[in-house]
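The values are calculated or read from the model by the stated rules, or taken from the named source; none is laboratory data. Everything numeric here is computed off the predicted structure, so don't read it as measured data. Ideal geometry is used to build each Cβ from the backbone, glycine not excepted, and the neighbour counts take in all protein chains shown.
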Amino acid sequence: MPFKRAHSRLFIPPHPQPLPATRERARGEGRGAPTAARKSSRGEGRDTVLTAFAIITDGLVYAAYLFIVAIGLTLIFGVMKILNVAHGSFYAFGAYGAATAVGIYADAGWPAAAGFLLMIVFAMAIGVVIGLVLERGLLRLVYGRDEVVVVLVTYAVFLILEDVIRLIWGAQSYPAFQPMVSAGSIEVGDLVLSNYDILLVAIAALIAALAWWALRFTRYGRVLTTVIFDRETAAAFGINVTVVYTVTFIIGAALGAVGGAVMAPKISVTLGIGVEVIVLAFAVVAIGGMGSIEGALVGALIVGLCRAAAVHLAPQIELFVIYGVMALVLVVRPYGLFVRAQPRKI
């Protein structure tokens, strides 16, 4: 009997063996669980890459738009030491002018390329006219005044120009989507990129390259650098500072108008669009440094990428992140990233 009990323990397994079909199913489940985990991991990795790519592309597009607007603002401040609140109105006039140009070429049946060029030319012409009238008719009277007085004057001009827009175009919104639709789109993996957005980034890069080349390799760029460094010294060496001021303000106004023109197909052109953009442009210029073109470029990239990251990852802080980044930068660099603190002349 003891032997039989031992024999029984030897041949009867402690756990019942599965049937052949059950065994195969168990083997399949054993293989399937890690595979599912691997598929889930690959899917999460793919989503992460797509999100990162979307953040980069959206950030670059937003940065391009901000840079085109902010470079005019920082150029005017760097040369003339004017914090131009009316710059938002230049943007708005450019957007309304572009919407008008789009309506003209759409009714005439012109090709999309000709319509886009008409938008840019129309906006630049508006910027040149407004810049010339404001600088010669008003701002030259406040040169050398206290900075607060100059800011109040440009703010008054901003309010007046907003009413001028209402008088010319009325209170209704103007769509100008035709150039963006005509440009089409391309697919990059699972993402669809607008060709118009790619063109917008290319325009911003072209403006940045031209500004860098003009400041370093042209006579006017060297003159401009001299005036930025010291206006009195430049005048003593025979430079006509008044002409430099006028040309600089016209260029800045034209760039602001071009920024509005290239953004018109992406937005609804309506009253008040200049208010938001001037606040964002000030944030960009404050981050990069007042008067620094390199700072405007870097500031636009920082703001664009941070905003895009917030939109994709934490939409509830989209509005906060831009000004949060600006505050952090100013805590570390009170004069911006590319401007050193300078003693005030007495």
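Considering segment 47-84, and only residues there that are surrounded by fewer than 24 Cβ atoms within 10 Å (Cβ to Cβ), aromatic (Phe, Trp, Tyr) and within 19 Å of the chain's Cα centre (by Cα), the residue that is nearest to ALA123 (Cα to Cα) turns out to be TYR62.
Annotation: of all residues in segment 165-183 being modelled with pLDDT under 90, surrounded by 13 or more Cβ atoms within 10 Å (Cβ to Cβ) and not aliphatic (A, V, I, L, M), the one that is farthest from VAL85 (Cα to Cα) is SER182. With respect to the conditions (1) at pLDDT below 85; (2) under 26 Å from the mean Cα position of the chain (by Cα); (3) among the charged types (D, E, K, R), GLU162 lacks only one, and its number is (1).
Determine whether LEU134 is in contact (Cβ under 8 Å) with a residue 40 or more places away in the chain and part of a strand (DSSP E or B).
Against the criterion (in contact (Cβ under 8 Å) with a residue 40 or more places away in the chain and part of a strand (DSSP E or B)), LEU134 does not qualify.
Go through PHE116, PHE90 for me and flag whichever is more than 30 Å from LEU152 (Cβ to Cβ) and surrounded by 15 or more Cβ atoms within 10 Å (Cβ to Cβ). Lay out the reasoning, then the answer.
On the way: PHE90 fails: more than 30 Å from LEU152 (Cβ to Cβ).
When all the criteria are applied, what remains is PHE116.
Applying the condition of being modelled with pLDDT under 85 and hydrophobic (A, V, I, L, M, F, W, C) to segment 320-346 and asking which residue is surrounded by the fewest Cβ atoms within 10 Å (Cβ to Cβ) yields ILE346. Taking segment 106-131 as the range and being of a type in the set (Phe, Trp, Tyr) and in contact (Cβ under 8 Å) with a residue 60 or more places away in the chain as the test, the residues that pass are PHE116, PHE122. Only residues that are within 19 Å of the chain's Cα centre (by Cα) and polar (S, T, N, Q) were counted across segment 85-125, and they come to 1.
Would you mind stating whether VAL149 is at pLDDT below 90, surrounded by fewer than 16 Cβ atoms within 10 Å (Cβ to Cβ) and under 27 Å from the mean Cα position of the chain (by Cα)? Considered against the rule, which asks whether it is at pLDDT below 90, surrounded by fewer than 16 Cβ atoms within 10 Å (Cβ to Cβ) and under 27 Å from the mean Cα position of the chain (by Cα), VAL149 comes out as no. Looking only at segment 156-201, residues that are among the aromatic types (Phe, Trp, Tyr) and in contact with a strand residue (DSSP E or B) (Cβ under 6 Å, 6 or more places away or on another chain) come to 1 in all.
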